[in-house]
Each structure stands twice: as C-alpha cells, then as structure tokens.
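These notes concern the structure reproduced below.
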Amino acid sequence: MSQIPFVDLRSQYLALKENIHARIDKVLEHGAYINGPEISELEGQLATFTGTRFAIACSSGTDALLIPLMAHNIGPGDEVITTAFSFIATAETIALAGAKPVYVDIDPKTFNINPELIEKAITPKTKAIMPVSLYGQMADMDAINQIAKKHNLIVIEDLAQSFGATYKTKRSGSLSHSAGTSFFPAKPLGCYGDGGAIFTDDENLYKAMKEVREHGSEKRYYHTRLGVNGRLDTIQCAILLAKMERYPWEIEARNQVANRYHEGLSHLKYNDFSTPFVEKFNQSVWAQYTLTVGNRDGFQKKLTELGVPSSIHYPMIMPDQPWYKSQLDRVSDWTNAKWAANHVISLPMYPDMKPETQEIIITNVKKALEATQ
Ligand SMILES: *Cc1c(COP(=O)(O)O)cnc(C)c1O
C-alpha cells in the first residue's frame with residue numbers, strides 16, 4: 001500500500017487540474033503578475049463567501065494579522081490580549097507591530113481562549129483582543145465581543161485555521177473589526193505558496209489596510225503611513241479562484257472525515273484520551289483533527305511505526321518560547337494551555353481521504369493506544 005499522507009494535496013490538485021491550469025495560463029497570457037485582474041475577482045468572492053463587506057488578498061496569514069494591527073495603529077505602549085496556545089505567528093505579529101502580547105489561558109475543551117479570563121487581563125494599555133480559531137473552530141465570539149464593547153477594545157480574529165467555519169449563523173472572519181486568514185498550502189483553503197486574506201466591514205479600515213499592504217501608499221509614490229509589501233501574487237489568486245469552486249464541497253467532506261473519526265474513536269476509554277469537542281453553535285472546518293492522549297510520545301512513536309503520520313500543534317505554549325519568554329513582563333496561569341501542549345496530537349485530515357484509508361488509520365490508532373496507554 002502507498003504511504004498515508006498527513007495532508008493530501010495531490011488528489012485535490014488532480015481533481016482541479018484543468019481549472020487550475022486554465023486559470024494560471026490566463027495569467028501567463030495577460031502577464032499582470034502583480035495586481036492583476038484576478039486579485040479583485042478573488043477579493044469579491046472571498047468577501048461574499050465570508051459575508052463581509054471587504055476582503056483584501058495578501059501575502060501570508062502572518063501579514064493578514066500584521067496589516068490590521070498596523071492599520072488600527074496598534075504599536076509601542078499597547079497591549080493585545082491573545083491566547084497562550086497558538087502557532088507563533090499570532091504573538092509574533094503583535095510583537096512586530098511593537099505592542100505586547102498578553103496571554104490568556106484556554107478552555108480545555110475547545111483549546112480556544114477562555115473568554116471568562118479576558119477581563120482580568122485588561123489594563124489601561126489594552127488596545128485589542130486577538131482570538132484564534134484553533135484547529136478550525138471559532139472561539140466564543142459573542143462573549144469576546146461583549147467584553148470588547150464594554151472596554152472599548154478592537155477585536156481581530158486570527159482565522160488562519162478556520163476560513164469557512166461558522167459560529168451560530170455567521171462565517172469566520174465576519175465577527176470582528178478585522179480578521180486575517182492564511183492560504184498556506186496545508187490550511188483548509190490553501191494556494192501553492194504563501195498567501196492570506198483580510199476581512200472587514202469597516203470602509204475606512206479597509207482603505208487603511210489596502211494602503212498598509214502597498215507600502216503605506218495612498219497613491220503611487222506617495223506614502224502617508226508605514227506599510228509593508230504585503231500583496232498576493234496574481235498566480236496564487238488564480239489558483240485560489242480555481243480552488244474556491246470546490247471549497248464548499250471540501251468543507252462537507254472534511255466534516256465527514258471528522259465524523260468517521262468520531263464514530264471510530266470517541267468511545268475509547270484511556271487516561272487523558274479525548275476526541276475533539278465542537279460547540280453546538282460552531283461548525284468546524286477541521287484544519288486539524290486533534291486528539292489528546294496520556295503517553296503522547298510513546299503513542300506517536302507507535303503510530304509512526306504503524307505507518308500513520310501525525311503532528312503536534314503545538315508542543316510549547318507561546319509565552320514559553322525562548323524569545324517570547326524573554327519579553328514577558330507578566331506571568332499568568334496557563335495551566336490548560338500547558339496541559340494541551342503536552343497532550344495534543346493531530347491525525348491525517350484532508351477532504352479527499354478515502355474511507356478505506358481512514359479505516360486503516362483508525363485501526364492503527366487503536367493499536368497504538370492499546371500498546372502504549
Ligand atoms: C498558519 C497560521 C498563521 C500564519 O499563517 P502563514 O500563512 O503561515 O503566515 C497564523 N496563525 C495561525 C493560528 C496559523 O495556524
């Protein structure tokens with residue numbers, strides 16, 4: 001049998017091959033590699049899809065968070081409250097903007113920021129809250145927005161893992177002042193390189209973010225603010241346009257894969273073992289299907305021996321990362337985040353997973369649990 005991939009981009013490419021090539025060929029013919037017509041076409045589709053007034057394509061998920069921070073004028077002297085448990089880009093962009101990340105512990109069931117702990121972290125310097133929609137499911141945005149409103153704070157959602165997810169009836173990206181997603185190839189919607197997008201309903205902010213994306217220029221060679229080179233290449237937009245047609249199906253398919261994992265694994269009883277929990281009001285896009293297990297290192301080693309790839313998102317909480325630790329001026333209780341960092345492990349997840357392949361994965365997960373727990 002061929003090797004089981006952790007993410008299968010090849011089957012997806014083969015399913016979309018004709019469209020992708022036709023879209024890329026069009027760009028090669030017109031030659032507008034930067035700021036080509038595909039940019040606004042994609043931005044229109046992204047805005048419609050998320051239910052926001054404006055979308056801005058940009059160069060990465062990291063820039064999709066940095067650009068809103070810069071456009072909101074968040075910088076030195078400001079604090080931004082975020083989760084302790086995320087990919088480093090979340091805290092990195094806050095620091096790049098010149099502000100201080102202030103880390104809050106997570107809800108141990110969803111792995112997202114615990115809204116009940118946010119108010120305690122607010123100081124006169126707090127400017128914004130940056131919740132992360134980890135593993136594809138959104139944080140409790142109503143609770144977060146209520147706190148933000150009460151304290152007059154900006155909310156910027158990091159939806160790098162949840163493009164297309166819903167909270168109650170609304171899509172990820174549409175429940176905050178601004179929001180940034182990633183099109184890194186392995187994310188739920190990925191391009192063939194680095195890419196990202198920003199969402200907002202606020203027209204002034206939209207204009208400011210477009211300027212920041214383009215070297216802070218209001219018009220050509222006239223720079224009214226500090227900016228970055230944060231554009232998305234036209235070819236990447238072309239690839240995303242081809243992929244967008246299939247994406248609603250892929251969200252369904254990802255949910256079917258998650259359901260099959262749930263049926264196969266959720267009844268198992270081991271110490272510290274759990275399958276993912278999704279809030280009733282959420283629909284996840286399953287950027288990751290993440291278990292917790294007791295003896296994680298032993299379990300992962302056994303899984304690898306059995307030919308099942310796995311990955312750990314993330315082995316360390318952000319405030320424990322060496323550079324970030326050196327910048328801390330406040331330690332807080334991150335018990336649940338630390339526990340997660342020591343127990344989470346993600347299984348292969350992609351929309352084109354065949355039921356036969358998934359059967360093999362589930363059988364081997366059970367074997368590895370039996371052997372190590
Ligand atoms: C991937 C990711 C990012 C950064 O996206 P890039 O496109 O890799 O720059 C930011 N936040 C989270 C939670 C992510 O998973």
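The values are calculated or read from the model by the stated rules, or taken from the named source; none is laboratory data. This structure is a prediction, so every number in the text was calculated from the model and none was measured. Ideal geometry is used to build each Cβ from the backbone, glycine not excepted, and the neighbour counts take in all protein chains shown. Surface accessibility is based on the protein's heavy atoms, side chains included, excluding ligands, DNA and RNA. Shrake-Rupley method; radii C 1.70, N 1.55, O 1.52, S 1.80 Å.
Worth a mention:
- Rounded to the nearest whole Hz, the Karplus-based 3J(HN,Hα) values (6.51 cos²θ - 1.76 cosθ + 1.60, θ = phi - 60°) of region 167-184 follow the sequence 10, 6, 9, 10, 7, 3, x, 10, 10, 9, 5, 8, 7, x, 10, 10, 10, 3, with x at glycine and proline.
- Solvent-accessible area per residue, Å², over region 9-244 with all protein chains present [probe radius 1.4 Å]: 40 Å²
- Surface share of carbon and sulfur [accessible, 1.4 angstrom probe, percent] for region 109-189: 53 percent
- Between TYR289 and LEU347, the built amide H atoms are under 5 Å apart, and every one of these is 5 or more places off in sequence or on another chain.
- Dimensions of region 51-184 based on its C-alpha atoms, expressed as ranges along the principal axes with the largest first, amount to 34, 31, 26 Å.
- Percent accessible area from carbon and sulfur atoms, region 247-372, protein chains only, probe 1.4 Å: 51 percent
- Relative contact order for region 78-174: 26 percent, from Cα pairs under 8 Å spaced at least 6 residues apart, divided by residue count.
- Volume per residue of the C-alpha convex hull in the chain, rounded to whole Å³: 134 Å³
- GluC sites (Glu not before Pro) lying in DSSP loop within region 176-258, provided at most 14 other Cβ fall within 10 Å: GLU245
- Part-to-part distance (alpha-carbon centres) for region 132-153 and region 350-371, which is given in Å: 34 Å
- At most 13 other Cβ within 10 Å, DSSP loop - trypsin sites (Lys or Arg not before Pro), region 152-217: LYS168
- The order of the peptides 290-297, 304-311 by mean Cβ neighbours within 10 Å, most packed first, is 290-297, 304-311.
- Non-local lysine pairs in region 75-185, meaning eight or more places apart or on different chains, with alpha-carbon distances under 25 Å, amount to 19.
- Here is the list for region 63-134: trypsin sites (Lys or Arg not before Pro) lying in DSSP coil, each with at most 16 other C-beta atoms within 10 angstrom of its C-beta, are LYS109, LYS125.
- Within the straight-line cut-off of under 18 Å between alpha carbons, the aspartates and glutamates reachable from LYS269 are GLU370, sequence neighbours fewer than 8 places apart in one chain being disregarded.
- Pairwise alpha-carbon distances in region 247-372 exceed 27 Å for 26% of all pairs.
- Calculated on C-alpha atoms, the gyration radius of region 212-299 divided by its Kirkwood radius gives an Rg/Rh of 1.24.
- Partners of LYS280 within straight-line reach, counting aspartates and glutamates whose Cα lies under 16 Å from its Cα and excluding those fewer than 8 residues away in the same chain: ASP107, ASP140, ASP142.
- DSSP bridge analysis restricted to region 141-220 gives an antiparallel fraction near 70%, rounded to the nearest 5.
- Under a model in which nothing but the beta-carbon of Lys, Arg (+1) and Asp, Glu (-1) is charged, region 196-306 shows a dipole of about 220 debye around its Cα centre.
- Here the 3J(HN,Hα) profile of region 212-221, calculated from phi with Karplus coefficients 6.51, -1.76 and 1.60 at θ = phi - 60°, is 4, 4, 10, 6, x, 9, 7, 9, 4, 6 Hz, Gly and Pro shown as x.
- Size of charge dipole - the chain - debye, nearest 20, with Cβ of Lys, Arg +1 and Asp, Glu -1, no other charges: 200 debye
- DSSP bridge orientation in the chain - percent antiparallel, rounded to nearest 5: 60 percent
- Protection proxy ranking, peptides 137-145, 192-200, average beta carbon neighbours within 10 Å, highest first: 192-200, 137-145
- Computed about its Cα centre, the charge dipole of region 247-372 is approximately 220 debye, with only Lys, Arg, Asp and Glu carrying charge at their Cβ.
- Our coupling estimate for region 224-231, obtained by passing each phi through the Karplus curve with A = 6.51, B = -1.76, C = 1.60 and θ = phi - 60°, is 9, 8, 6, x, 9, 8, x, 6 Hz, Gly and Pro reported as x.
- Qualifying lysines (Cα of each under 16 Å from Cα of LYS301; at least 8 residues distant if same chain): LYS366, LYS367
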